[in-house]
1. Compute the acute angle (0 to 90°) between the alpha-carbon long axis of helix 57-72 and the principal axis of greatest extent of the alpha-carbon atoms of the chain; round to the nearest 10°.
2. Quickly estimate the mean residue ellipticity at 222 nm for the chain, helices only: each DSSP H run with n ≥ 4 gives -39500 (n - 2.57), and the total goes over all residues, rounded to 500.
3. Just to confirm the number: angle between the C-alpha axis of helix 22-32 and the first principal axis of the chain, 0 to 90 degrees, nearest 10?
4. If r is the Cβ-Cβ distance from Leu104 to Trp127 and R0 is 25 Å, what FRET efficiency results, to the nearest 0.05?
5. From Cα pairs below 8 angstrom and at least 6 apart in sequence, can you work out the relative contact order of region 4-138, rounded to a whole percent?
6. Could you size up the charge dipole of region 4-138 around its Cα centre, putting +1 on the beta carbon of Lys and Arg and -1 on that of Asp and Glu, and report it in debye to the nearest 20?
7. In nm, give the distance between the simple-model label positions of Asp74 and Val19, each being 7 Å from the Cα along the Cα-to-Cβ direction.
8. Which of the GluC sites (Glu not before Pro) across region 60-121 are loop residues per DSSP, with 12 or fewer other Cβ within 10 Å?
Amino acid sequence: MISFDELSVGVEVFTSSRVVTREEVKAYADASGDQNPLHQDDVVARAAGFPGVVAHGMFTMGTLASALLERLGDGATLERLSAQFRSPVFVGETIESGGSVRSLDRESRAAVLDVWVRVDRNGTVEWPIRRGEAQIRFV
């Protein structure tokens, strides 16, 4: 956990990594109702030009939100999260998410973070989420 008083502008607040599994992507498809075969069938995904099943963009964003909130703990509320999706994430890839403090409002105890998700593909860094923004309020 991190408290508001520990934050400083420009400081990285968190990084987290995880492997995207087929089971997680299937569970997300079931929960969201998005049963697009790109998210479930390797043959369909390959026919569309991908190397395999593609994770949902919102699955990737949800992973980012989960990592952020785990780091911040119960003393923080995620008020807003926005992101630009730049590249797909594939089953079996390790995604890394993170964020740094862009601004602080001491009076309202709010912080704005620049957040991102990246993946290393054969030595090249791809940015599924390159310029995201999270607004956090601390109690």
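1. It works out to around 30 degrees.
2. -7000 deg cm²/dmol
3. 70 degrees
4. Once rounded, the FRET efficiency stands at 0.50.
5. 29 percent
6. 300 debye
7. About 3.3 nm, to one decimal.
8. Glu107
Read-outs: derived from the displayed coordinates by stated rules, not from any lab. Computed from a prediction, not measured in an experiment: that's the story for all the values here. With ideal geometry, Cβ positions are generated from the backbone for all residues, glycine too; neighbour counts draw on all protein chains shown.
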